[in-house]
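Asker: Pasting a structure below so you can have a look.
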Amino acid sequence: MRDGPLRRAVKAVARWNTLANLAAHRALRRLRGERPYRLGGACQGCARCCEAPSIQVGRLTWYMPTLRRLFLGWQRVVNGFELVTRERPRVFVFRCTHFDPETRRCDSYDARPAMCRDYPRLLLWQATPELFEGCGFRAVHPDAARLRAALEARGLPEDKLAAARRRMFLDE
Ligand code: SF4
Ligand code: SF4
């Protein structure tokens, strides 16, 4: 169901808070010398990321019933995410009530939560990011140009070179 003005206002505050936290956390990790993958490509609007939105939570939220109920209640009432299942490690999988699987459209796209706007940036901090199949974005290794040149210098056959580039996240 499309969001009304009150839910939009609550979501805007929550979104600002989450995006500010994410930016601060990532800045700190960069200061510590971590180098995430770069984001290549662009969104193609396939809506794969809307089919089963998933959120990994901390241990407290996962194991403490009161916190877990608060978290799931917030997701249901504010974001329109209904719990479908739980997976390890500490991941809740939802059905988004804003997603129309027929048209593959979001009925409140302009009010979508921070996690929808951020996808797939969080994955860029993982060792081997796995984006949804068919997603128009891709992870690009921070040293892609140098590694590509080193691979090309080895004179591999074209198919092996292409496979190695994919495996090593070297395609821009
Ligand atoms: S899966 Fe990727 S390409 Fe598809 S809508 Fe989500 S971000 Fe865009
Ligand atoms: S709120 Fe919109 S963008 Fe986010 S998962 Fe639901 S349908 Fe997709």
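Asker: Given the conditions (1) touching a helix residue (DSSP H, G or I) at 6+ places or on another chain (Cβ under 7 Å); (2) within 30 Å of residue 147 (Cα to Cα); (3) not basic (Lys, Arg), report the number of the one that residue 31 does not fulfil.
Answerer: Exception for residue 31: condition (1).
Asker: Of the conditions (1) away from ligand 1 (no atom under 11 Å from the Cβ); (2) farther than 23 Å from residue 35 by Cα; (3) of a type in the set (D, E, K, R), residue 130 fails just one. Which one is it?
Answerer: Condition not satisfied by residue 130: (2).
Asker: Only one residue in 109, 119 is surrounded by 14 or more Cβ atoms within 10 Å (Cβ to Cβ), among the aromatic types (Phe, Trp, Tyr) and in contact with a helix residue (DSSP H, G or I) (Cβ under 9 Å, 6 or more places away or on another chain). Which one?
Answerer: Among 109, 119, only 119 is surrounded by 14 or more Cβ atoms within 10 Å (Cβ to Cβ), among the aromatic types (Phe, Trp, Tyr) and in contact with a helix residue (DSSP H, G or I) (Cβ under 9 Å, 6 or more places away or on another chain).
Asker: Let me ask something else about it. Considering only the stretch 52-89, state which residues are acidic (Asp, Glu) and out of contact with any Lys or Arg (no Cβ under 9 Å at 6 or more places or on another chain).
Answerer: 87, the sole residue that qualifies.
Asker: Further question: Between residues in the stretch 95-112 that are hydroxyl-bearing (Ser, Thr, Tyr) and residues that are not in a strand (DSSP E or B), which pairs lie under 7 Å by C-beta distance while being six or more apart or on different chains?
Answerer: The qualifying pairs are 97/1; 97/80; 108/2; 108/3; 108/98.
Asker: Among the residues that make up the stretch 68-82, is at least one of them aromatic (Phe, Trp, Tyr), within 14 Å of ligand 1 (Cβ to nearest atom) and out of contact with any strand residue (DSSP E or B) (no Cβ under 6 Å at 6 or more places or on another chain)?
Answerer: no
Any read-out appearing in this document is the output of simple, stated calculations on the displayed coordinates, not a laboratory observation. None of these values were measured; they are calculated from a predicted model. Because the Cβ atoms are built from the backbone with ideal geometry, glycine has one as well, and the counts that use them run over all protein chains shown.
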